[in-house]
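Novice: Quick one: structure below, then a few questions.
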Amino acid sequence: MSEEMLRLHELNVWYRTYGEGLGRRRRRQVLFDVSMEMRKGEILGLAGESGCGKSTLARTIMGTHRLYEGERFCADPHPQMVFQDPFSSLNPAKTIGWLLEEPLRVDPTRDYTPQERHDRAREMMAQIGLTESLMDRRPAELSGGQRQRVCIGAALMCAPGLLVADEPVSALDVTIQAQILELLKTLHQEMNLSILFISHDLRVIYNFCDRVLILQEGRIVEAGPCGQVYRDPQAEYTKKLLVASGIRT
Ligand SMILES: Nc1ncnc2c1ncn2[C@@H]1O[C@H](COP(=O)(O)OP(=O)(O)OP(=O)(O)O)[C@@H](O)[C@H]1O
Ligand SMILES: [Mg+2]
């Protein structure tokens, strides 16, 4: 838990805007002076209301959103991401086995034989708690929870150091949520993963994360170990969120 996985320093992030008239600056800022770091093996929570910039921060960390200024360092050159909606992130035309093998087909760091890919996919099925017989099915033939297991498995096929999970359980029933969180916890231990866990649900964050960042309108207003932040929040906004989620009165 000591080596650095991720460091952002005074990160400012924009989106391009259109049709705001000539002469106006055609970009809108959504993140302001965001500084944070993550250690290897850490599970860091990121919370805040809808629209505050959580997914934008995730995309900037991933390297897929590039309209930013400031320092961005990630020790993992190929971080992976899991999304809220497990259905739209899986190609419906492909089998589960194919989907799990795909990251290995496009892995820039090494070549795999078809047999190696198949064996690795079978191993991953066991790791994500799915029976091998599901490998020949297509995403529509799985439950929501099973699909999210496949998304997590696909993200982990190339053994990333950093997993960014953007509301990974928000679309699932509460009992399925608990199972997926349990799976992520197990994989975190087995694979020595760092996880950035995004959720608007402060209860889930408390149960799952070591530390938490609170984002308000593009700014980090609070950061610290969950126990400390929940017991003794400093920012008014954090108190408001804790009340809204029924943790504080
Ligand atoms: N592709 C985009 N182009 C322009 N603006 C965007 C784009 N994506 C998001 N935004 C804007 O940036 C701000 C932050 O959005 P973001 O999706 O990061 O919020 P979020 O915290 O993930 O919200 P939610 O909890 O609803 O997922 C919002 O005002 C949103 O409208
Ligand atoms: Mg989002």
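Novice: Do you know the relative contact order of the chain, to the nearest whole percent, from alpha carbon pairs under 8 angstrom that are 6+ apart?
Specialist: Worked out over the chain, it gives 26 percent.
Novice: Now, a different point. Hey, can you grab everything whose amide H is under 5 Å from the amide H of HIS65? Only 5+ residues off in sequence or another chain; H modelled, so Pro and N-termini drop out.
Specialist: Result for HIS65 returns THR60.
Novice: Write down the percent of antiparallel bridges among all DSSP beta bridges whose residues are both part of the chain, to the nearest 5.
Specialist: Here the share of antiparallel DSSP bridges comes out near 55 percent.
Novice: If you don't mind, another one. Classify the range 95-180 as rounded, prolate or oblate, taking a ≥ b ≥ c as the square roots of the eigenvalues of its Cα gyration tensor: rounded when a/c is under 1.5, otherwise prolate if a/b is larger than b/c and oblate if not.
Specialist: It is oblate, given that a/c is not under 1.5 and a/b is not larger than b/c.
Novice: Pop a pseudo-label 7 angstrom from the Cα along the beta-carbon direction at both THR175 and GLU123 and give the gap in nm to one decimal.
Specialist: Label-label distance for THR175 and GLU123, simple model: 3.3 nm.
Novice: Using a/c under 1.5 as the rounded threshold, could you call the range 168-225 rounded, prolate or oblate? The axes a ≥ b ≥ c are square roots of the C-alpha gyration tensor eigenvalues, and prolate needs a/b larger than b/c, oblate otherwise.
Specialist: oblate
Novice: Go through LEU163, LEU130, ILE247 and say which Cα lies farthest out towards the positive end of the charge dipole of the chain; charges sit on Cβ, +1 for Lys and Arg, -1 for Asp and Glu.
Specialist: ILE247
Novice: Can you pull the percent of the range 165-249's accessible area that's carbon plus sulfur, 1.4 Å probe, other chains left in place?
Specialist: 47 percent
Novice: Now for a different question. Shape verdict for the chain, please, from the Cα gyration tensor: rounded (a/c under 1.5), prolate (a/b greater than b/c) or oblate.
Specialist: Since a/c reaches 1.5 and a/b is larger than b/c, the shape of the chain is classed as prolate.
Novice: Right, next: Using the Cα centre of the chain as the reference point, and only Cβ charges (+1 on K/R, -1 on D/E), how large is the resulting charge dipole? Debye, rounded to the nearest 20.
Specialist: 740 debye
Novice: Would you list, by chain and number, the aspartates and glutamates whose Cα falls below 15 Å from the Cα of LYS239, excluding same-chain residues fewer than 8 positions away?
Specialist: GLU49, ASP201, GLU222
Novice: Additional query: Highest mean first, what order results for 240-247, 31-38, 55-62 on Cβ atoms within 10 Å?
Specialist: 55-62, 31-38, 240-247
Novice: When the accessible area of the range 31-90 is computed with all protein chains present and a 1.4 Å probe, what percentage of it is carbon and sulfur?
Specialist: Looking at the range 31-90 in its full context, I get 46 percent from C and S.
Novice: Against the longest alpha carbon principal axis of the chain, how many degrees, from 0 to 90 and to the nearest 10, is the axis of helix 96-105 turned?
Specialist: Approximately 70 degrees, to the nearest 10.
Novice: Per-residue ellipticity at 222 nm for the chain, helices alone: DSSP H runs ≥ 4 residues times -39500 (n - 2.57), over residue total, nearest 500 deg cm²/dmol?
Specialist: -10500 deg cm²/dmol
Novice: Still on this structure: Extension gain ASN207-ALA244, at 0.36 nm per residue separation less the Cα-Cα distance, in nm?
Specialist: 11.6 nm
Novice: For the chain, what does the accessible surface come to per residue with a 1.4 Å probe? Please give it in Å².
Specialist: With the other protein chains kept in place, the chain gives 50 Å² per residue.
Novice: For the range 175-249, which GluC sites (Glu not before Pro) pass both filters: DSSP loop (anything but H, G, I, E, B) and at most 10 other C-beta atoms within 10 Å?
Specialist: Hits after loop and neighbour filter: nothing returned.
Novice: With point charges of +1 on the Cβ of Lys and Arg and -1 on the Cβ of Asp and Glu, referenced to the Cα centre of the chain, which listed residue (GLN179, THR64, PHE83) lies farthest in the positive direction of the dipole?
Specialist: Projecting each Cα onto the dipole axis, the largest value belongs to THR64.
The values are calculated or read from the model by the stated rules, or taken from the named source; none is laboratory data. This structure is a prediction, so every number in the text was calculated from the model and none was measured. All Cβ positions, even for glycine, are placed from backbone atoms using ideal geometry, and neighbour counts span all protein chains on display. Ligands, DNA and RNA are stripped out before the accessible areas are found, and what is left, the full protein with its side chains, is counted by its heavy atoms. Shrake-Rupley method; radii C 1.70, N 1.55, O 1.52, S 1.80 Å.
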